[in-house]
Amino acid sequence: MLGFGCARSPEAQTARYLDRGDSYLKKARYREAIIEYENALRIQRTDPRATRQLGLAHYQLGEFGQAARYLLKAEELAPDQLDVRLKLGALYILDRRWKEAQAEADYVLARDPRNLEALLLVADAAATAEEVESAVQRLEATRTALGDPPRLRVALANLHVRKQDVTGAESLLQGAVQEDPKSIEAHAALAELDLLKGDHASVEREFQAAAALAPLASPARIRLAHYFVLARRSADARRVLGEVTAKAPRYLPAWRLLAEIALAEGRLDDADKALKPVFKRNPQDLDGHLLKGRVFLARKSSELAILEFQQVLKLEPRLAAAHYQLALAHLQGGNVQQAKAELKETITISPDHVEARLRLAQLNLEAGAVDPAIEDMTRLVAAQPRLLEGYVLLGAAHLQKNEPGKALEIYRKLAAVAPKDPRSPYLVGIGLLAEGKLAEARKSLETALALAPGYIDALAQLVRLDLLDKKPEAAVGRVRQQIEAAGDSGGPQELLGGVLETQQKSELAEAAYLRAIELEPGLMGAYLGLAQLYTRAGRLDLALLKADEALKANPATSRSSC
């Protein structure tokens, strides 16, 4: 009886679960391992071994939100577990939390100065030009001592790319492939470099080589599928992912990417279908629930999306992506204040979350809170001087504050960063208009239109200038010329209708508005133009009909605005 009692003690039960979990983990049977470790934690909630192993198992399955929860607890219970810190560092990189990732790498390197994984983490965490240079020097100093492994060369190559040294990066990667032709990382990095150079034939060849070397259920296959998505070859992406899900159905990243592709293509039922195996394997899959919430957003079901994102945050309260998506759901539901609160929380957790900063600045501008928007966008463009959207919002904020000179200065900086982007001369033109420099503005707007024929915003401003100069025929000719150059579309036809209406050419204006609606049935301005045209002509029945059609085209529009 004594032996039986000892076998059933909590300690003995925990040990048995842990041993079984470790056995499954070694065999890469991660789902079974998770069950055993969870059983162990039901008996001893703070067992450091079970907590650590559970985090590592979730990490291997690509369930990063759940992995982070257990790895953070494991680090708290046993701070000197270097492998836990390295995995946490990798998760911080995914969440763009560079300082936290750097701190984990520094902790490891202080105890193991030649730890390759920690050195690679240093390279990934380098966020500024100074940090990139420091990381290069740190890795170069250890190359010989570590035997110059291909993975270190890949990390150095990535740093050289960030220094704009494509030649140096290419030399390092070619050397890595020559040293180890079976290096998955080297082939994948060469593919990324070829993508940067625009050599698409080489991109596909290298991604294919990496995928062929890797197991079926591997990130290399996912990267290949991602490339096909980027190249607008979604059928090829689905083919690659279909092979993975058919032969390795437990590999959830493939199912998630299938759902992502379906969502992007508006195939919402297919997205739901792809997510079912994810939730069958892991009902608490955070990435799966994030995708499910985005599907609800696409269906305009903001309340269900909010519930989905809140469920994610119950499991992982500091997941920046969930706070950001929850903000979008609140915006869709009309709750701007709650959306702003979630965006602020996103930025608190992940200060480098660009989309959240841009969205919050836009909401501040819409609310008239110009100074916070200026302050935030000034910091953002200083940290990311090639981020065009930051300049756009910063200039708009200065215009809203009636500071056209400062807005023009910002837009000129944008033009220096992106001279071939049609927004650059367009916004410079807007700044010049605000300063009353009409002739210079016209030149800049015409440059924008030359860069992008059919650019409706630039075209509308030029038409406005033609009308100010009392040259309506020139305005009509300009619009028709753009329709011929860029192809017939709703926006120019709507604009044409407005110009013809100013000339009191009602029948031609009506025809242009009707053509605009035919080309783009959701174009609100064309419906409203027709309604106003019919009202002035005393054809109130037709005016009301067009107002109703406008409401159907955009249900958010109030009848009073029609």
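Odds and ends about this structure:
- Here segment 31-152 is treated as a Stokes sphere of Kirkwood radius computed over C-alpha pairs; at 20 °C and 1.002 mPa s its diffusion coefficient rounds to 141 µm²/s.
- Once the Cβ-Cβ distance of Q174 and T348 is raised to the sixth power relative to R0 = 41 Å, the FRET efficiency obtained is 0.45.
- Residue-by-residue Karplus 3J(HN,Hα) for segment 371-378, coefficients 6.51, -1.76, 1.60, Hz, glycine and proline x: 4, x, 5, 4, 4, 5, 6, 4
- With neighbour counts taken as other beta-carbon atoms within 10 Å, the residues S171, S218, S350, S9 rank, fewest first, as S9, S171, S218, S350.
- Taking other Cβ atoms within 10 Å as a rough exposure proxy, T167, T502, T346 sort from fewest to most as T167, T502, T346.
- Applying both filters, DSSP loop and at most 13 other Cβ atoms within 10 Å, to the trypsin sites (Lys or Arg not before Pro) of segment 272-313 gives R299, K300.
- Viscosity 1.002 mPa s, 20 °C: Kirkwood-radius Stokes-Einstein D of segment 326-472 over Cα pairs, µm²/s: 132
- Length available on full extension from A383 to E355: 0.36 nm per residue minus the Cα-Cα distance, which gives 8.7 nm.
- Shown is the FRET efficiency for K401 and L514, computed with R0 = 35 Å from the Cβ-Cβ distance and rounded to the nearest 0.05: 0.30.
- With R₀ set to 35 Å, the beta-carbon distance separating D22 from A110 gives a calculated FRET efficiency near 0.75.
- 3J(HN,Hα) from dihedral phi, segment 480-494, Karplus parametrisation 6.51/-1.76/1.60, rounded to Hz, x for glycine, proline: 5, 5, 5, 4, 5, 6, 9, x, 6, 8, x, x, x, 5, 4
- Cleavage-rule hits (trypsin sites (Lys or Arg not before Pro)) in segment 33-69: DSSP loop, at most 15 neighbouring Cβ within 10 angstrom: R45
- Alpha-carbon Rg/Rh ratio, for segment 350-414, with Rh computed the Kirkwood way: 0.94
- Taking the square roots of five times each eigenvalue of the Cα gyration tensor of the chain, the equivalent ellipsoid has semi-axes of 52, 30, 23 Å, listed largest first.
- In this label model, R267 and K420 are separated by 3.3 nm, measuring between points 7 Å along each Cα→Cβ vector.
- Checking every one of the GluC sites (Glu not before Pro) in segment 1-89 against DSSP loop status and a limit of 12 other Cβ atoms within 10 Å picks out no site at all.
- Working from label points 7 Å from Cα in the Cα-to-Cβ sense, the K470 to K443 distance is 2.6 nm.
- Cα-based Kirkwood hydrodynamic radius, segment 455-552, one decimal, Å: 13.4
- Share of pairwise Cα separations in segment 177-272, more than 22 Å, in percent: 29
- Shown here is the pair-distance distribution of segment 382-426: with all Cα-Cα distances grouped in 10 Å bins from zero up to the longest one, the shares run 33, 56, 12 percent.
- If you wrap the tightest convex hull around every Cα atom of segment 102-174 and split its volume per residue, you get 71 Å³.
- The ellipsoid that matches the Cα gyration tensor of segment 134-228 has semi-axes, each √(5λ) in whole angstrom, of 23, 16, 10, with the longest given first.
- Rg [Å, one decimal], Dmax [Å, integer] - segment 267-359, C-alpha atoms: 13.0, 37
- The relative contact order of segment 235-360, computed from alpha carbon pairs under 8 Å that lie at least 6 residues apart in sequence, is 14 percent.
- Under Karplus coefficients 6.51, -1.76 and 1.60, residue-wise ³J(HN,Hα) of segment 119-132 in Hz, glycine/proline x: 5, 5, 5, 4, 4, 5, 8, 5, 9, 10, 4, 5, 5, 4
- Look at the alpha carbon pairs under 8 Å that are at least 6 residues apart: their mean separation over the length of the chain gives a relative contact order of 5 percent.
- Histogrammed with a bin width of 10 Å, the alpha carbon distances of segment 17-99 distribute as 21, 52, 24, 3 percent, first bin at zero.
- Each part gets one Cα centre, and for segment 118-179 versus segment 355-386 those centres are 33 Å apart.
The numbers here are math on the coordinates, done by the rules we state, and not lab data. From a predicted model like this one, the values you see are computed outputs, not experimental measurements. In this analysis, Cβ positions are derived from the backbone assuming ideal geometry, glycine residues included, and neighbour counts consider all displayed protein chains.
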